[in-house]
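**Student:** The structure's right below; bear with me while I get my questions together.
The values are calculated or read from the model by the stated rules, or taken from the named source; none is laboratory data. No experiment lies behind these values; they were computed from the predicted model shown. Note: ideal-geometry Cβ built from the backbone for every residue, glycine included; neighbour counts use all protein chains shown.
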């Protein structure tokens, strides 16, 4: 069975009834991950979640089939969630399909893969498998998705509010879901007791720009708050954000600090006028954090930060299988430097 982002919502329940292997791919990694989580919620009894990586399966192509046909410690239901890159799970999936006996559902989210990949070709003509291809999102479709998220949480969103959430999440439905959840908590809503959400409510919970989903991590890293960095990285991993995309948020802030430093010259941050701040992208919500970071990262230290971020970006691209670990190590190291004090 083959679906796309356009018809997945309408046909997903049919796939749950008919299939046991689910392969999510495409350029919209956020949409693919969100759809995979939605599908898991549709399983009659998802049970225990067993996480595996494409690297694990490439090293041991037999383990997927063994794990899918084994019982949990207490004999409960389970499902396997695989985060893969390209076709690195191809052999393992092929071996799994050749196995005998009842197997638990296997859900694969593959980055850097499309419906033209070898894995997709292996699965798309099978009646017991689903290939779901997710194309890059557009503002209209994400806005519609945000309104649907609101309905499910008891938050009534008009088009303008839903569009602002979509734009603020940079069309990433995982971040958008996080904002809708915050709204539901703030307004104390439920599907049985819905309430409308306004722009003022968005302001109150702090949702505004595409960087908001990363802001707490960026600020923790550049302020040298090591324990908070670990917590934020864990949160990013939990909602399935791409390590490169996460690093880009830190890179954008470092570039902003460089622009501010160049504009300041020999002046103090306090000497910046309101118009200058606006041109430099300094807004009231994070001005305190940015002002502190400008003082902490200047001159040669800022140059070394920029160089290290460039190196880390290259490492993530060339070692995609270990990108989450490399990101955690790299950002923790930067935080350690930041916490060592100003120079």
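**Student:** Going through 184, 129 one at a time, which residue ends up being in contact with a strand residue (DSSP E or B) (Cβ under 6 Å, 6 or more places away or on another chain) and assigned by TED's automatic domain parsing to the domain that holds residue 18?
**Tutor:** That would be 129, the only listed residue that is in contact with a strand residue (DSSP E or B) (Cβ under 6 Å, 6 or more places away or on another chain) and assigned by TED's automatic domain parsing to the domain that holds residue 18.
**Student:** Right, something else. Looking at residue 120, is it in a helix (DSSP H, G or I), at pLDDT 90 or above and farther than 30 Å from residue 198 by Cα?
**Tutor:** Criteria met by residue 120.
**Student:** So which residues in the range 256-285 are more than 18 Å from residue 217 (Cα to Cα) and touching a residue at least 24 places away in the same chain (Cβ under 8 Å), if there are any at all?
**Tutor:** Hits for the range 256-285 are 258, 260, 261, 264, 269, 280, 281.
**Student:** Hey, another quick one. Go through (1) part of a loop (DSSP other than H, G, I, E, B); (2) in contact with a helix residue (DSSP H, G or I) (Cβ under 8 Å, 6 or more places away or on another chain) and name the single condition residue 6 misses.
**Tutor:** Among (1) part of a loop (DSSP other than H, G, I, E, B); (2) in contact with a helix residue (DSSP H, G or I) (Cβ under 8 Å, 6 or more places away or on another chain), the lone unmet condition for residue 6 is (2).
**Student:** Right, another one. If you go through the range 293-308 one residue at a time, do you hit one that is touching a helix residue (DSSP H, G or I) at 6+ places or on another chain (Cβ under 9 Å), surrounded by 13 or more Cβ atoms within 10 Å (Cβ to Cβ) and within 26 Å of residue 203 (Cβ to Cβ)?
**Tutor:** Yes, the range 293-308 contains a residue that is touching a helix residue (DSSP H, G or I) at 6+ places or on another chain (Cβ under 9 Å), surrounded by 13 or more Cβ atoms within 10 Å (Cβ to Cβ) and within 26 Å of residue 203 (Cβ to Cβ).
Here's the yes/no breakdown for (1) in a loop (DSSP other than H, G, I, E, B); (2) closer than 23 Å to residue 149 by Cα:
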| site | (1), (2) |
| --- | --- |
| 24 | no, yes |
| 27 | yes, yes |
| 34 | no, yes |
| 70 | yes, no |
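**Student:** What residue, of 314, 253, 288, is within 22 Å of residue 169 (Cβ to Cβ) and free of Cβ contacts under 8 Å to residues at least 60 places away in the same chain?
**Tutor:** 253
Rundown of residues vs (1) over 19 Å from residue 23 (Cα atoms); (2) outside the structural domain of residue 17 (by TED's automatic domain parsing); (3) modelled with pLDDT under 90, yes/no style:
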residue: 62; (1), (2), (3): no, no, no
residue: 69; (1), (2), (3): no, no, no
residue: 73; (1), (2), (3): yes, no, yes
residue: 78; (1), (2), (3): no, no, no
residue: 86; (1), (2), (3): no, no, yes
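**Student:** Any residue at all in the range 117-128 that is under 22 Å from residue 324 (Cβ atoms) and touching a helix residue (DSSP H, G or I) at 6+ places or on another chain (Cβ under 9 Å)?
**Tutor:** Looking through the range 117-128, at least one residue is under 22 Å from residue 324 (Cβ atoms) and touching a helix residue (DSSP H, G or I) at 6+ places or on another chain (Cβ under 9 Å).
**Student:** Just wondering, is there one or more residues in the range 81-88 that are without any contact (Cβ under 8 Å) to a residue 40 or more places away in the chain and touching a helix residue (DSSP H, G or I) at 6+ places or on another chain (Cβ under 6 Å)?
**Tutor:** yes
**Student:** Say we look at the range 182-201 and pick out the residues that are under 15 Å from residue 156 (Cβ atoms) and within 21 Å of the chain's Cα centre (by Cα); which of these is surrounded by the fewest Cβ atoms within 10 Å (Cβ to Cβ)?
**Tutor:** The qualifying residue surrounded by the fewest Cβ atoms within 10 Å (Cβ to Cβ) is 184.
**Student:** Let me ask something else about it. Would you check which residues across the range 41-51 are touching a residue at least 12 places away in the same chain (Cβ under 8 Å), outside any loop (DSSP other than H, G, I, E, B) and over 17 Å from the mean Cα position of the chain (by Cα) and list them?
**Tutor:** 42, 48, 49, 50
**Student:** Taking the range 227-249, which residues are buried (at least 16 other Cβ atoms within 10 Å of the Cβ), in contact (Cβ under 8 Å) with a residue 40 or more places away in the chain and either assigned by TED's automatic domain parsing to the domain that holds residue 25 or within 19 Å of residue 336 (Cα to Cα) (or both)?
**Tutor:** 229, 233, 246, 247 - these are the residues of the range 227-249 that are buried (at least 16 other Cβ atoms within 10 Å of the Cβ), in contact (Cβ under 8 Å) with a residue 40 or more places away in the chain and either assigned by TED's automatic domain parsing to the domain that holds residue 25 or within 19 Å of residue 336 (Cα to Cα) (or both).
**Student:** Please go through the range 225-256 and pick out each residue that is outside any helix (DSSP H, G or I) and modelled with pLDDT under 85.
**Tutor:** Selection gives 239, 240, 241, 242.
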